[in-house]
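The values are calculated or read from the model by the stated rules, or taken from the named source; none is laboratory data. Quantities reported herein were computed from a predicted structural model and do not represent experimental measurements. Counting neighbours? That spans all protein chains shown, and the Cβs are built from the backbone with ideal geometry, glycine included. The accessibility values were calculated without ligands, DNA or RNA, using every heavy atom of the protein model including side chains. Shrake-Rupley method; radii C 1.70, N 1.55, O 1.52, S 1.80 Å.
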Amino acid sequence: MTTPDHPSPASQPPAPVAKDRVYRSPLGLAGGTLLLLVVLWLGFDALFKGHGRTPWLALAGMILIVPLVLAFTLRPAVFAGEDRLRVRNPFRVITLPWGEVSGLRSGYSNEVLAKSGTKYQLWAIPVSLRARKKALRRQQRAAADAARGGAPGSRGGALAPGGFGGFGVRGPDAGPTRAQTDQIMAELGDMLERRGQAESAQGEITVRWAYEVAAPAVAGAVLLAILLAVG
């Protein structure tokens with residue numbers, strides 16, 4: 001028998017589902033927004049003030065360029081959930097259950113490796129060699145401080161020989177001595193290690209092509225080619 005003070009387990013609300021972590025490129029978002037504004041400004045100016053074939057060429061150019069700008073700058077994102085990793089690249093959306101992910105690789109680009117041997121690039125997490133060089137210099141300063149008698153981890157933690165892209169850092173203050181994208185890859189690696197064997201994280205990899213992006217770009221390219229051919 002249950003009482004108001006002791007509700008039955010069936011009457012208890014379900015545990016809240018953790019939201020996906022979303023990773024996007026701040027530089028890509030800023031650059032894409034600026035480029036999109038420039039394209040639209042020039043395009044509409046030519047569309048309403050141009051003469052002859054100019055408005056039609058401007059329209060075809062915008063139909064071609066705008067989807068491509070959106071695809072390569074504003075669209076890419078990585079959604080990391082408890083059960084799967086969803087990668088939204090310019091022209092594809094790849095959903096990988098953690099159980100089908102064999103690892104993550106960071107070199108000149110960041111990639112997720114499937115157990116089938118297929119690799120998928122993470123467009124939303126670009127590698128910054130400049131940021132890595134800065135992180136390396138901070139690591140070297142931390143190592144020099146430790147050699148002079150400083151406590152390990154007091155200025156960034158002790159150096160680790162491994163890690164993603166060779167820039168792994170261990171210690172309570174590892175963040176400042178690791179490039180931001182390498183920190184993100186480390187977070188994804190932790191989720192893979194924690195959830196890779198979970199029963200709910202098993203399944204098949206799905207790939208969906210982004211026809212909503214490709215179709216307008218192809219239409220714009222065809223229209224532009226026709227206008228140039230008949231001109």
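Is it the case that region 129-149 has a residue that's part of a loop (DSSP other than H, G, I, E, B), open to solvent by less than 60 Å² (accessible area, probe 1.4 Å) and at pLDDT below 85? There is no residue in region 129-149 that is part of a loop (DSSP other than H, G, I, E, B), open to solvent by less than 60 Å² (accessible area, probe 1.4 Å) and at pLDDT below 85.
The criterion of at least 1 residues that are modelled with pLDDT under 90, within 24 Å of the chain's Cα centre (by Cα) and not aromatic (Phe, Trp, Tyr) is met by the following strands (runs of 3 or more DSSP E) wholly inside region 1-115: 101-106.
Being modelled with pLDDT of 95 or more and exposed (fewer than 14 other Cβ atoms within 10 Å of the Cβ) is the requirement here; does VAL207 meet it? Taking the combined requirement at face value, the residue satisfies it. In region 30-89, which residues are open to solvent by 20 Å² or more (accessible area, probe 1.4 Å) and polar (S, T, N, Q)? Hits for region 30-89 are THR33, THR54, THR73. Could you tell me whether LEU188 is touching a residue at least 24 places away in the same chain (Cβ under 8 Å) and over 21 Å from GLN121 (Cα atoms)? Considered against the rule, which asks whether it is touching a residue at least 24 places away in the same chain (Cβ under 8 Å) and over 21 Å from GLN121 (Cα atoms), LEU188 comes out as no. Take LEU96 and decide whether it is at negative phi, without any contact (Cβ under 8 Å) to a residue 60 or more places away in the chain and in contact with a Lys or Arg (Cβ under 9 Å, 6 or more places away or on another chain). No; evaluated as a whole, the condition is false for this residue.
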